[in-house]
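Accompanying notes for the structure given below.
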Amino acid sequence: MNQRINKHPIIDIPLRQKIKFFYNGKEFFGFEGETIASALHAAGITKLSESIKHHRPRGFYCAIGNCSSCFMRVDGKPNVKTCVEPLRENMVVENQEGRGSII
Amino acid sequence: MIHTDILIIGGGPSGLCAAIAAAKSGAEVMLVERSQYFGGQLVKQTHMFFGSEKQYAATRGFDIGKKLVEEVKNSDNIKIFHSTTALGIYEDGVVTLEQKFESEEIYLKVQAKSLIVTTGALEKSLPFPNNDLPGIYGAGAVQTLMNEYLVKPGKRVLMVGAGNIGLIISYQLLQAGVEVAGIIDASPRIGGYLVHASKIRRSGVPIFTGYTIVKAEGTDHLEKATIAKVDQHWKPIPGTEKEMNVDVMCISVGLTPSSAFFWQGGCEMEYVRELGGYVPKRNRYLRTTVGNIYVAGDSAGIEEASSAMVEGSIAGLAASHDLGFVYEGYNREIEELLQELEGLRGGEKGIHIRRGYNKVGF
Ligand SMILES: Cc1cc2nc3c(=O)[nH]c(=O)nc-3n(C[C@H](O)[C@H](O)[C@H](O)COP(=O)(O)OP(=O)(O)OC[C@H]3O[C@@H](n4cnc5c(N)ncnc54)[C@H](O)[C@@H]3O)c2cc1C
Ligand code: FES
(Lines give C-alpha, C1' and ligand atoms only; values in the text may rest on other atoms or scores of the structure.)
(Ligands and ions follow the chains in the order given, each with its own letter.)
Protein backbone atom coordinates (compact mmCIF):
# COMPACT_ATOMS: atom_id res chain seq x y z
CA MET A 1 0.00 0.00 0.00
CA ASN A 2 1.47 3.31 -1.03
CA GLN A 3 0.08 6.38 0.68
CA ARG A 4 2.29 9.01 -0.96
CA ILE A 5 0.65 12.13 -2.29
CA ASN A 6 1.82 12.42 -5.89
CA LYS A 7 -0.10 15.42 -7.02
CA HIS A 8 -1.48 18.37 -5.12
CA PRO A 9 -3.23 21.55 -6.25
CA ILE A 10 -1.18 23.80 -3.96
CA ILE A 11 1.94 22.06 -2.72
CA ASP A 12 4.71 21.43 -5.22
CA ILE A 13 5.88 17.87 -4.82
CA PRO A 14 9.66 18.16 -4.47
CA LEU A 15 12.11 15.63 -5.83
CA ARG A 16 13.63 14.04 -2.77
CA GLN A 17 16.50 11.70 -2.13
CA LYS A 18 15.42 8.12 -1.43
CA ILE A 19 16.55 6.65 1.86
CA LYS A 20 16.85 2.94 2.61
CA PHE A 21 16.04 1.65 6.08
CA PHE A 22 15.09 -1.62 7.75
CA TYR A 23 11.85 -2.33 9.53
CA ASN A 24 11.67 -5.61 11.48
CA GLY A 25 14.46 -6.94 9.27
CA LYS A 26 12.88 -6.02 5.93
CA GLU A 27 14.14 -3.39 3.54
CA PHE A 28 12.01 -0.25 3.16
CA PHE A 29 12.43 3.09 1.43
CA GLY A 30 11.51 6.57 2.56
CA PHE A 31 12.57 10.07 1.66
CA GLU A 32 15.08 12.51 2.99
CA GLY A 33 13.52 15.10 5.29
CA GLU A 34 10.76 12.88 6.63
CA THR A 35 10.41 11.07 9.92
CA ILE A 36 10.46 7.34 10.64
CA ALA A 37 6.74 7.30 11.38
CA SER A 38 5.82 9.06 8.15
CA ALA A 39 7.94 6.67 6.07
CA LEU A 40 6.31 3.69 7.78
CA HIS A 41 2.85 5.16 7.41
CA ALA A 42 3.46 5.77 3.72
CA ALA A 43 4.27 2.07 3.41
CA GLY A 44 1.05 1.13 5.18
CA ILE A 45 2.55 0.35 8.59
CA THR A 46 0.54 2.05 11.28
CA LYS A 47 0.98 -0.18 14.33
CA LEU A 48 4.22 1.00 15.87
CA SER A 49 4.14 -0.69 19.26
CA GLU A 50 1.90 -2.35 21.84
CA SER A 51 0.69 -0.86 25.08
CA ILE A 52 2.59 -2.05 28.13
CA LYS A 53 -0.15 -3.74 30.12
CA HIS A 54 -2.86 -4.84 27.74
CA HIS A 55 -0.81 -5.20 24.54
CA ARG A 56 -3.11 -2.96 22.63
CA PRO A 57 -1.82 -1.76 19.27
CA ARG A 58 -0.38 1.75 19.27
CA GLY A 59 0.16 4.12 16.39
CA PHE A 60 1.21 7.73 16.45
CA TYR A 61 -1.27 10.31 17.70
CA CYS A 62 0.11 13.84 17.81
CA ALA A 63 3.00 13.56 15.31
CA ILE A 64 4.84 16.44 16.97
CA GLY A 65 6.59 14.76 19.87
CA ASN A 66 4.06 15.52 22.59
CA CYS A 67 2.35 12.26 23.48
CA SER A 68 4.86 9.35 23.39
CA SER A 69 2.41 7.12 21.51
CA CYS A 70 4.94 6.37 18.74
CA PHE A 71 7.85 4.82 20.65
CA MET A 72 9.94 2.28 18.72
CA ARG A 73 13.35 0.72 18.98
CA VAL A 74 15.76 2.45 16.61
CA ASP A 75 19.32 1.24 16.04
CA GLY A 76 18.97 -0.73 19.24
CA LYS A 77 17.81 2.23 21.29
CA PRO A 78 14.33 1.91 22.85
CA ASN A 79 11.71 4.65 23.32
CA VAL A 80 12.59 6.72 20.28
CA LYS A 81 9.79 9.11 19.32
CA THR A 82 9.51 8.05 15.70
CA CYS A 83 7.08 10.84 14.78
CA VAL A 84 9.84 13.41 15.12
CA GLU A 85 12.98 11.30 14.56
CA PRO A 86 14.35 12.02 11.07
CA LEU A 87 14.85 9.01 8.82
CA ARG A 88 18.48 8.20 8.06
CA GLU A 89 20.18 5.79 5.65
CA ASN A 90 20.35 2.17 6.90
CA MET A 91 18.45 2.86 10.10
CA VAL A 92 17.24 -0.26 11.88
CA VAL A 93 13.69 0.22 13.14
CA GLU A 94 11.82 -2.36 15.19
CA ASN A 95 8.50 -2.68 16.97
CA GLN A 96 8.98 -2.29 20.64
CA GLU A 97 7.24 -4.44 23.17
CA GLY A 98 6.43 -3.03 26.57
CA ARG A 99 8.78 -0.54 28.10
CA GLY A 100 11.70 -1.46 25.88
CA SER A 101 14.65 -3.19 27.48
CA ILE A 102 18.14 -1.80 27.05
CA ILE A 103 19.71 -5.08 25.85
CA MET B 1 26.22 27.71 30.81
CA ILE B 2 25.01 29.97 28.00
CA HIS B 3 24.19 33.58 28.92
CA THR B 4 21.80 35.72 26.94
CA ASP B 5 19.54 38.71 27.45
CA ILE B 6 16.33 37.15 26.25
CA LEU B 7 15.49 33.49 25.71
CA ILE B 8 12.44 32.72 23.60
CA ILE B 9 10.96 29.22 23.82
CA GLY B 10 9.02 28.20 20.71
CA GLY B 11 9.67 29.25 17.11
CA GLY B 12 6.10 29.63 15.84
CA PRO B 13 4.72 32.91 14.51
CA SER B 14 4.63 34.50 17.96
CA GLY B 15 8.16 33.41 18.87
CA LEU B 16 9.58 34.57 15.53
CA CYS B 17 7.93 37.98 15.87
CA ALA B 18 9.07 38.25 19.48
CA ALA B 19 12.66 37.59 18.40
CA ILE B 20 12.56 40.19 15.62
CA ALA B 21 11.05 42.80 17.95
CA ALA B 22 13.37 42.10 20.88
CA ALA B 23 16.48 42.29 18.69
CA LYS B 24 15.59 45.78 17.40
CA SER B 25 16.97 47.41 20.53
CA GLY B 26 20.22 45.49 20.33
CA ALA B 27 19.32 42.94 22.99
CA GLU B 28 20.94 39.54 22.55
CA VAL B 29 18.23 37.03 21.73
CA MET B 30 18.22 33.27 21.70
CA LEU B 31 15.32 31.45 20.02
CA VAL B 32 14.84 27.72 20.52
CA GLU B 33 12.49 25.47 18.58
CA ARG B 34 11.78 21.81 19.24
CA SER B 35 11.16 20.89 15.62
CA GLN B 36 13.60 20.83 12.69
CA TYR B 37 11.69 23.76 11.24
CA PHE B 38 10.66 27.18 12.45
CA GLY B 39 7.18 28.52 11.80
CA GLY B 40 5.08 26.42 14.21
CA GLN B 41 1.54 25.81 13.04
CA LEU B 42 2.08 28.05 10.04
CA VAL B 43 4.30 25.52 8.31
CA LYS B 44 1.36 23.20 7.78
CA GLN B 45 -1.15 25.77 6.58
CA THR B 46 -1.67 25.56 2.84
CA HIS B 47 -4.77 27.73 2.87
CA MET B 48 -5.05 31.49 2.46
CA PHE B 49 -5.12 33.13 5.82
CA PHE B 50 -7.96 35.05 7.28
CA GLY B 51 -6.84 38.08 9.24
CA SER B 52 -5.95 41.72 8.71
CA GLU B 53 -4.07 42.99 5.66
CA LYS B 54 -1.05 43.88 7.75
CA GLN B 55 -0.87 40.38 9.19
CA TYR B 56 -0.70 38.82 5.74
CA ALA B 57 -4.35 37.88 5.14
CA ALA B 58 -4.71 36.05 1.82
CA THR B 59 -1.13 34.83 2.02
CA ARG B 60 -0.73 31.11 2.49
CA GLY B 61 0.32 30.13 5.99
CA PHE B 62 3.58 28.50 5.02
CA ASP B 63 4.66 31.57 3.04
CA ILE B 64 4.14 33.81 6.08
CA GLY B 65 6.35 31.48 8.09
CA LYS B 66 9.11 31.64 5.47
CA LYS B 67 9.13 35.44 5.49
CA LEU B 68 9.49 35.61 9.25
CA VAL B 69 12.22 32.98 9.30
CA GLU B 70 14.20 34.97 6.68
CA GLU B 71 13.95 38.08 8.82
CA VAL B 72 15.14 36.24 11.92
CA LYS B 73 18.08 34.71 10.07
CA ASN B 74 19.13 38.12 8.80
CA SER B 75 19.45 39.56 12.28
CA ASP B 76 22.89 39.50 13.90
CA ASN B 77 21.43 39.69 17.38
CA ILE B 78 19.36 36.52 17.17
CA LYS B 79 20.86 33.09 17.71
CA ILE B 80 18.55 30.34 16.54
CA PHE B 81 18.52 26.73 17.66
CA HIS B 82 16.27 24.21 15.91
CA SER B 83 15.75 20.59 17.06
CA THR B 84 16.13 22.01 20.55
CA THR B 85 13.53 21.36 23.22
CA ALA B 86 13.31 23.40 26.39
CA LEU B 87 12.85 20.89 29.19
CA GLY B 88 12.32 22.95 32.30
CA ILE B 89 12.81 26.14 34.27
CA TYR B 90 14.64 25.87 37.58
CA GLU B 91 14.23 28.02 40.66
CA ASP B 92 17.27 30.14 39.84
CA GLY B 93 15.75 30.88 36.42
CA VAL B 94 18.04 28.53 34.53
CA VAL B 95 16.40 26.82 31.57
CA THR B 96 17.60 23.39 30.45
CA LEU B 97 17.59 22.46 26.78
CA GLU B 98 17.97 19.20 24.90
CA GLN B 99 19.48 19.60 21.46
CA LYS B 100 19.39 16.75 18.96
CA PHE B 101 22.08 16.03 16.41
CA GLU B 102 21.49 12.91 14.35
CA SER B 103 20.98 10.33 17.07
CA GLU B 104 22.92 12.20 19.76
CA GLU B 105 21.46 14.49 22.35
CA ILE B 106 23.31 17.22 24.10
CA TYR B 107 22.08 19.09 27.14
CA LEU B 108 22.53 22.81 27.53
CA LYS B 109 21.77 25.25 30.32
CA VAL B 110 20.77 28.83 29.66
CA GLN B 111 20.76 31.74 32.04
CA ALA B 112 18.63 34.47 30.48
CA LYS B 113 17.72 37.83 31.97
CA SER B 114 14.21 37.46 30.58
CA LEU B 115 12.15 34.69 29.12
CA ILE B 116 9.40 34.83 26.51
CA VAL B 117 7.31 31.66 26.36
CA THR B 118 5.65 31.08 22.99
CA THR B 119 5.14 27.34 23.09
CA GLY B 120 1.73 27.35 21.38
CA ALA B 121 -0.97 24.83 22.22
CA LEU B 122 -1.72 21.17 22.82
CA GLU B 123 -4.55 19.30 21.16
CA LYS B 124 -7.42 18.08 23.27
CA SER B 125 -8.51 14.46 22.96
CA LEU B 126 -11.83 12.67 23.45
CA PRO B 127 -12.68 9.67 25.62
CA PHE B 128 -14.51 6.82 23.83
CA PRO B 129 -13.99 3.04 23.56
CA ASN B 130 -10.91 2.13 21.50
CA ASN B 131 -9.80 5.72 21.07
CA ASP B 132 -6.21 4.46 21.11
CA LEU B 133 -6.42 2.42 17.88
CA PRO B 134 -3.93 3.25 15.14
CA GLY B 135 -5.79 5.31 12.55
CA ILE B 136 -7.20 7.68 15.17
CA TYR B 137 -5.09 10.78 15.00
CA GLY B 138 -5.06 14.32 16.26
CA ALA B 139 -5.92 16.98 13.71
CA GLY B 140 -2.41 18.39 13.84
CA ALA B 141 -0.95 14.97 13.14
CA VAL B 142 -3.07 14.51 10.04
CA GLN B 143 -1.95 17.91 8.80
CA THR B 144 1.68 17.25 9.55
CA LEU B 145 1.59 13.96 7.73
CA MET B 146 -0.14 15.39 4.65
CA ASN B 147 1.30 18.83 4.29
CA GLU B 148 4.79 18.38 5.67
CA TYR B 149 5.60 14.82 4.69
CA LEU B 150 3.20 14.43 1.75
CA VAL B 151 1.71 11.21 3.04
CA LYS B 152 -2.02 10.47 3.04
CA PRO B 153 -3.35 9.53 6.48
CA GLY B 154 -5.56 6.84 4.89
CA LYS B 155 -8.38 6.31 2.43
CA ARG B 156 -11.56 7.43 4.14
CA VAL B 157 -11.73 9.84 7.05
CA LEU B 158 -14.27 10.72 9.70
CA MET B 159 -13.60 14.22 10.99
CA VAL B 160 -14.64 14.80 14.59
CA GLY B 161 -15.14 18.53 15.20
CA ALA B 162 -16.60 21.18 12.90
CA GLY B 163 -14.61 24.16 14.13
CA ASN B 164 -12.35 26.05 11.72
CA ILE B 165 -9.53 23.57 12.11
CA GLY B 166 -11.76 20.55 11.41
CA LEU B 167 -13.25 22.25 8.37
CA ILE B 168 -9.93 23.41 6.97
CA ILE B 169 -8.27 20.04 7.42
CA SER B 170 -11.23 18.31 5.79
CA TYR B 171 -10.73 20.52 2.79
CA GLN B 172 -7.00 19.83 2.79
CA LEU B 173 -7.75 16.09 2.89
CA LEU B 174 -9.88 16.43 -0.23
CA GLN B 175 -7.07 18.34 -1.91
CA ALA B 176 -4.67 15.52 -1.08
CA GLY B 177 -7.01 13.04 -2.72
CA VAL B 178 -8.44 11.49 0.44
CA GLU B 179 -12.17 10.82 0.84
CA VAL B 180 -13.91 12.53 3.78
CA ALA B 181 -16.89 10.41 4.85
CA GLY B 182 -18.32 13.15 7.01
CA ILE B 183 -17.73 15.75 9.68
CA ILE B 184 -19.49 15.44 13.04
CA ASP B 185 -19.85 17.90 15.88
CA ALA B 186 -21.72 17.42 19.14
CA SER B 187 -22.78 21.02 19.22
CA PRO B 188 -26.01 21.89 17.39
CA ARG B 189 -24.24 24.52 15.28
CA ILE B 190 -21.10 24.57 13.17
CA GLY B 191 -18.34 26.28 15.15
CA GLY B 192 -16.17 27.33 12.22
CA TYR B 193 -16.70 30.11 9.69
CA LEU B 194 -19.55 29.52 7.27
CA VAL B 195 -17.36 30.17 4.22
CA HIS B 196 -15.28 27.14 5.13
CA ALA B 197 -18.38 25.04 5.84
CA SER B 198 -20.08 25.83 2.55
CA LYS B 199 -16.93 25.05 0.60
CA ILE B 200 -16.91 21.63 2.26
CA ARG B 201 -20.60 21.01 1.65
CA ARG B 202 -20.23 21.97 -1.99
CA SER B 203 -17.59 19.26 -2.28
CA GLY B 204 -20.23 16.76 -1.20
CA VAL B 205 -19.04 16.13 2.37
CA PRO B 206 -21.94 15.86 4.85
CA ILE B 207 -21.71 17.77 8.14
CA PHE B 208 -23.65 16.13 10.99
CA THR B 209 -24.26 18.59 13.81
CA GLY B 210 -25.58 17.26 17.13
CA TYR B 211 -23.67 13.98 16.69
CA THR B 212 -20.96 12.44 18.82
CA ILE B 213 -18.59 9.52 18.47
CA VAL B 214 -19.76 6.42 20.36
CA LYS B 215 -17.01 3.92 19.64
CA ALA B 216 -14.26 2.83 17.31
CA GLU B 217 -13.60 -0.74 16.17
CA GLY B 218 -10.76 -2.58 14.48
CA THR B 219 -8.05 -5.13 15.28
CA ASP B 220 -4.70 -3.53 14.54
CA HIS B 221 -6.10 -0.47 12.82
CA LEU B 222 -9.36 1.47 12.76
CA GLU B 223 -12.00 -0.17 10.56
CA LYS B 224 -15.30 1.23 11.73
CA ALA B 225 -16.68 4.15 13.72
CA THR B 226 -20.11 4.46 15.29
CA ILE B 227 -21.66 7.88 15.73
CA ALA B 228 -24.99 8.86 17.35
CA LYS B 229 -27.18 11.88 17.90
CA VAL B 230 -26.91 13.59 21.28
CA ASP B 231 -29.66 14.89 23.55
CA GLN B 232 -29.49 18.29 25.24
CA HIS B 233 -27.16 16.85 27.91
CA TRP B 234 -24.75 15.72 25.18
CA LYS B 235 -25.59 12.04 25.85
CA PRO B 236 -25.98 9.67 22.85
CA ILE B 237 -29.63 8.87 22.08
CA PRO B 238 -30.13 5.07 21.72
CA GLY B 239 -31.40 4.03 18.30
CA THR B 240 -29.78 6.93 16.44
CA GLU B 241 -26.45 5.18 15.85
CA LYS B 242 -24.85 5.22 12.42
CA GLU B 243 -21.90 3.06 11.45
CA MET B 244 -19.23 4.39 9.15
CA ASN B 245 -16.50 2.38 7.47
CA VAL B 246 -13.46 4.58 7.86
CA ASP B 247 -9.76 3.87 8.30
CA VAL B 248 -8.96 7.26 9.77
CA MET B 249 -10.60 9.33 12.45
CA CYS B 250 -9.30 12.83 12.86
CA ILE B 251 -9.92 14.35 16.28
CA SER B 252 -10.27 18.08 16.05
CA VAL B 253 -11.98 19.13 19.23
CA GLY B 254 -9.93 22.13 20.12
CA LEU B 255 -6.67 23.25 21.58
CA THR B 256 -5.53 24.11 25.06
CA PRO B 257 -2.63 26.49 25.83
CA SER B 258 0.65 24.77 26.59
CA SER B 259 1.23 26.01 30.12
CA ALA B 260 3.95 23.84 31.68
CA PHE B 261 6.61 26.57 31.78
CA PHE B 262 4.33 29.07 33.48
CA TRP B 263 3.50 26.60 36.24
CA GLN B 264 7.17 25.75 36.65
CA GLY B 265 8.18 29.39 36.60
CA GLY B 266 5.71 30.18 39.38
CA CYS B 267 3.41 32.48 37.38
CA GLU B 268 -0.04 33.13 38.77
CA MET B 269 -2.43 31.08 36.65
CA GLU B 270 -6.13 31.34 35.88
CA TYR B 271 -8.54 28.89 34.24
CA VAL B 272 -10.26 30.79 31.43
CA ARG B 273 -12.71 28.80 29.33
CA GLU B 274 -12.73 31.39 26.53
CA LEU B 275 -8.96 31.09 26.14
CA GLY B 276 -8.93 27.28 26.13
CA GLY B 277 -7.68 26.41 29.63
CA TYR B 278 -5.11 27.55 32.19
CA VAL B 279 -3.19 30.67 31.20
CA PRO B 280 -0.87 33.01 33.08
CA LYS B 281 -2.14 36.38 34.25
CA ARG B 282 -0.39 39.16 32.38
CA ASN B 283 -0.36 42.94 31.98
CA ARG B 284 -0.98 44.76 28.66
CA TYR B 285 2.65 44.28 27.71
CA LEU B 286 2.29 40.54 28.26
CA ARG B 287 4.45 40.39 31.34
CA THR B 288 3.30 37.66 33.75
CA THR B 289 3.25 37.99 37.53
CA VAL B 290 6.84 36.70 37.52
CA GLY B 291 8.56 39.89 36.42
CA ASN B 292 10.91 38.49 33.81
CA ILE B 293 8.62 35.93 32.18
CA TYR B 294 6.49 37.07 29.23
CA VAL B 295 3.86 35.21 27.23
CA ALA B 296 2.52 35.51 23.67
CA GLY B 297 0.52 33.59 21.09
CA ASP B 298 -1.54 30.46 21.64
CA SER B 299 0.17 29.74 24.96
CA ALA B 300 -1.38 33.00 26.21
CA GLY B 301 -4.83 31.94 24.97
CA ILE B 302 -6.06 30.09 21.89
CA GLU B 303 -6.61 32.60 19.13
CA GLU B 304 -5.17 33.09 15.64
CA ALA B 305 -1.85 33.51 13.93
CA SER B 306 -2.53 37.19 13.28
CA SER B 307 -2.93 38.00 16.97
CA ALA B 308 -0.09 35.61 17.86
CA MET B 309 2.24 37.66 15.66
CA VAL B 310 1.16 40.99 17.13
CA GLU B 311 1.44 39.63 20.66
CA GLY B 312 4.90 38.28 19.88
CA SER B 313 6.03 41.71 18.72
CA ILE B 314 4.59 43.37 21.84
CA ALA B 315 6.25 40.89 24.21
CA GLY B 316 9.57 41.18 22.35
CA LEU B 317 9.61 44.98 22.43
CA ALA B 318 8.48 45.10 26.07
CA ALA B 319 10.97 42.49 27.28
CA SER B 320 13.98 44.30 25.84
CA HIS B 321 12.63 47.70 26.93
CA ASP B 322 12.17 46.44 30.50
CA LEU B 323 15.79 45.27 30.52
CA GLY B 324 16.84 48.83 29.79
CA PHE B 325 17.64 48.47 26.09
CA VAL B 326 16.79 51.60 24.17
CA TYR B 327 14.94 51.46 20.88
CA GLU B 328 13.83 54.82 19.53
CA GLY B 329 10.62 53.69 17.92
CA TYR B 330 9.47 51.91 21.08
CA ASN B 331 6.64 54.13 22.27
CA ARG B 332 5.06 54.63 18.89
CA GLU B 333 5.39 51.01 17.82
CA ILE B 334 4.08 49.44 20.96
CA GLU B 335 1.03 51.73 20.95
CA GLU B 336 0.36 50.83 17.31
CA LEU B 337 0.63 47.14 18.09
CA LEU B 338 -1.70 47.41 21.06
CA GLN B 339 -4.23 49.16 18.86
CA GLU B 340 -3.86 46.58 16.17
CA LEU B 341 -4.53 43.84 18.68
CA GLU B 342 -7.65 45.66 19.81
CA GLY B 343 -8.73 45.85 16.19
CA LEU B 344 -8.22 42.13 15.65
CA ARG B 345 -10.34 41.42 18.70
CA GLY B 346 -12.97 43.99 17.84
CA GLY B 347 -16.57 43.62 16.77
CA GLU B 348 -19.03 40.79 17.08
CA LYS B 349 -16.48 38.08 16.35
CA GLY B 350 -14.21 39.17 19.17
CA ILE B 351 -16.75 39.20 22.03
CA HIS B 352 -15.79 35.77 23.27
CA ILE B 353 -12.06 36.44 23.19
CA ARG B 354 -12.44 39.88 24.79
CA ARG B 355 -14.41 38.33 27.64
CA GLY B 356 -11.55 35.87 28.13
CA TYR B 357 -8.85 38.54 28.18
CA ASN B 358 -10.76 40.62 30.67
CA LYS B 359 -10.27 37.80 33.16
CA VAL B 360 -6.49 37.59 32.99
CA GLY B 361 -5.28 41.16 33.14
CA PHE B 362 -3.59 42.56 36.22
C1 LIG C 1 -5.57 23.85 10.78
C2 LIG C 1 -5.27 25.22 11.31
C3 LIG C 1 -5.66 26.32 10.55
C4 LIG C 1 -5.41 27.61 11.01
N5 LIG C 1 -5.78 28.68 10.20
C6 LIG C 1 -5.55 29.94 10.62
C7 LIG C 1 -5.89 31.07 9.79
O8 LIG C 1 -6.39 30.91 8.68
N9 LIG C 1 -5.62 32.31 10.27
C10 LIG C 1 -5.05 32.50 11.49
O11 LIG C 1 -4.81 33.65 11.86
N12 LIG C 1 -4.70 31.45 12.29
C13 LIG C 1 -4.95 30.18 11.89
N14 LIG C 1 -4.59 29.10 12.70
C15 LIG C 1 -4.07 29.36 14.05
C16 LIG C 1 -2.60 29.63 14.05
O17 LIG C 1 -1.90 28.67 13.30
C18 LIG C 1 -2.09 29.65 15.51
O19 LIG C 1 -2.91 30.49 16.27
C20 LIG C 1 -0.66 30.19 15.56
O21 LIG C 1 0.19 29.32 14.86
C22 LIG C 1 -0.19 30.36 17.01
O23 LIG C 1 1.15 30.73 17.00
P24 LIG C 1 2.13 30.41 18.20
O25 LIG C 1 3.46 30.93 17.79
O26 LIG C 1 1.54 30.91 19.44
O27 LIG C 1 2.13 28.83 18.33
P28 LIG C 1 2.62 27.67 17.35
O29 LIG C 1 2.44 28.05 15.93
O30 LIG C 1 1.93 26.46 17.83
O31 LIG C 1 4.17 27.56 17.65
C32 LIG C 1 4.68 27.08 18.87
C33 LIG C 1 6.06 26.51 18.62
O34 LIG C 1 6.69 26.20 19.85
C35 LIG C 1 7.40 25.01 19.72
N36 LIG C 1 7.59 24.43 21.06
C37 LIG C 1 6.62 23.98 21.90
N38 LIG C 1 7.15 23.53 23.05
C39 LIG C 1 8.49 23.70 22.94
C40 LIG C 1 9.60 23.44 23.82
N41 LIG C 1 9.43 22.89 25.03
N42 LIG C 1 10.85 23.75 23.38
C43 LIG C 1 11.05 24.29 22.15
N44 LIG C 1 10.03 24.57 21.29
C45 LIG C 1 8.78 24.28 21.68
C46 LIG C 1 6.55 24.17 18.81
O47 LIG C 1 7.29 23.15 18.18
C48 LIG C 1 6.02 25.22 17.82
O49 LIG C 1 6.85 25.36 16.69
C50 LIG C 1 -4.79 27.81 12.27
C51 LIG C 1 -4.40 26.70 13.04
C52 LIG C 1 -4.63 25.42 12.58
C53 LIG C 1 -4.17 24.24 13.41
S1 FES D 1 2.92 10.64 18.12
FE2 FES D 1 2.91 11.85 19.86
S3 FES D 1 5.00 11.77 20.44
FE4 FES D 1 5.01 10.79 18.54
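The values are calculated or read from the model by the stated rules, or taken from the named source; none is laboratory data. Since we're looking at a predicted model, the values are computed, not measured. Please note: Cβ atoms are built from the backbone with ideal geometry, for glycine as well, and neighbour counts cover all protein chains shown. Each accessible area value is taken on the protein alone, full model and side chains, heavy atoms only, with ligands, DNA and RNA left out. Shrake-Rupley method; radii C 1.70, N 1.55, O 1.52, S 1.80 Å.
Report the antiparallel proportion of the DSSP beta bridges in chain B as a percent, rounded to a multiple of 5.
Details: 34 of 68 bridges.
Around 50 percent of the beta bridges assigned by DSSP in chain B are antiparallel ones.
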Item to check | Selection of trypsin sites (Lys or Arg not before Pro), the stretch A:1-51, meeting DSSP coil and at most 14 other Cβ within 10 Å | outcome: A:LYS7, A:ARG16
Checklist outcome for this item: Probe 1.4 Å, protein heavy atoms only: B and A together bury a total accessible area in Å², to the nearest 100, of 3200 Å²
Checklist entry - How many Å² of accessible area per residue for the stretch B:204-362, probe 1.4 Å? => result 46 Å²
Checklist entry - Rounded to the nearest 500, what is the protein assembly as shown's calculated 222 nm mean residue ellipticity when only DSSP H runs of at least 4 contribute -39500 (n - 2.57) each, over all residues? => result -6500 deg cm²/dmol
Checklist entry - So what is the relative contact order of chain B, in percent, for Cα pairs below 8 Å that sit 6 or more residues apart? => result 20 percent
Next on the checklist: Which lysines, if any, have their Cα less than 29 Å from the Cα of B:LYS281, not counting same-chain residues under 8 positions apart?
Outcome noted: B:LYS24, B:LYS54, B:LYS79, B:LYS109, B:LYS113, B:LYS124, B:LYS349, B:LYS359
Checklist entry - Average projected area of the Cα convex hull of the stretch B:83-139, in nm²? => result 6.6 nm²
Next on the checklist: Averaged across B:137-146, how many Cβ atoms of other chains sit within 10 Å of each residue's Cβ atom?
Outcome noted: 6
Checklist outcome for this item: Computed over the protein assembly as shown, the convex hull of the Cα set has an average projected area, in nm², of 22.5 nm²
Checklist entry - Taking the Cα centre of each part, how many Å lie between the stretch B:120-190 and the stretch B:105-119? => result 33 Å
Checklist entry - With every protein chain kept in the model, how would you rank B:HIS196, B:HIS352 by accessible area, 1.4 Å probe, largest at the top? => result B:HIS352, B:HIS196
Checklist outcome for this item: Any lysines whose Cα falls less than 30 Å from that of A:LYS7, other than same-chain ones fewer than 8 residues away, would be A:LYS18, A:LYS20, A:LYS26, A:LYS47, A:LYS81, B:LYS44, B:LYS66, B:LYS67, B:LYS152, B:LYS155, B:LYS199, B:LYS224
Next on the checklist: Give the separation of the Cα centroids, the stretch B:286-362 to the stretch B:220-262, in Å.
Outcome noted: 34 Å
Next on the checklist: Using only the alpha-carbon atoms, how far is helix B:330-344 inclined from the longest principal axis of chain B? Give it as 0 to 90 degrees, nearest 10.
Outcome noted: 10 degrees
Checklist outcome for this item: Within 10 Å of the Cβ of an average residue in A:64-74, the count of other chain Cβ atoms is 3
Checklist entry - Percentage of Cα-Cα pair distances in chain A greater than 24 Å, rounded to whole percent? => result 21 percent
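Just in the stretch A:24-89: which GluC sites (Glu not before Pro) are loop by DSSP and have at most 12 other Cβ atoms within 10 Å?
Working: sites: A:GLU27, A:GLU32, A:GLU34, A:GLU50, A:GLU89; in loops: A:GLU32, A:GLU34, A:GLU89.
Within the stretch A:24-89, the qualifying GluC sites (Glu not before Pro) (loop, at most 12 other Cβ atoms within 10 Å) are A:GLU89.
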Checklist entry - When N is the residue count of the stretch B:125-251, what does its C-alpha Rg come to as a fraction of 2.2 N^0.38 Å? => result 0.98
Checklist outcome for this item: On the accessible surface of the protein assembly as shown, probed at 1.4 Å with all protein chains in place, carbon and sulfur together account for a percent value of 51 percent
Next on the checklist: Loop only by DSSP, 11 or fewer other Cβ within 10 Å of the Cβ. Give me the GluC sites (Glu not before Pro) in the stretch B:302-362 that pass, ordered by residue number.
Outcome noted: B:GLU328
Checklist outcome for this item: Once Lys and Arg are counted +1 and Asp and Glu -1 for all other residues with Cβ under 12 Å from that of B:ILE6, the total becomes 0
Next on the checklist: Below 13 angstrom from the Cβ of B:PRO236, what's the summed charge of the other residues (Lys, Arg +1; Asp, Glu -1)?
Outcome noted: +2
Item to check | Contact order normalised by residue count of the stretch B:125-251, Cα under 8 Å, 6+ apart, percent | outcome: 32 percent
Next on the checklist: Let me check I've understood the local charge: for B:ALA197, count other residues with C-beta under 11 angstrom from its C-beta, Lys and Arg +1, Asp and Glu -1. What total comes out?
Outcome noted: +3
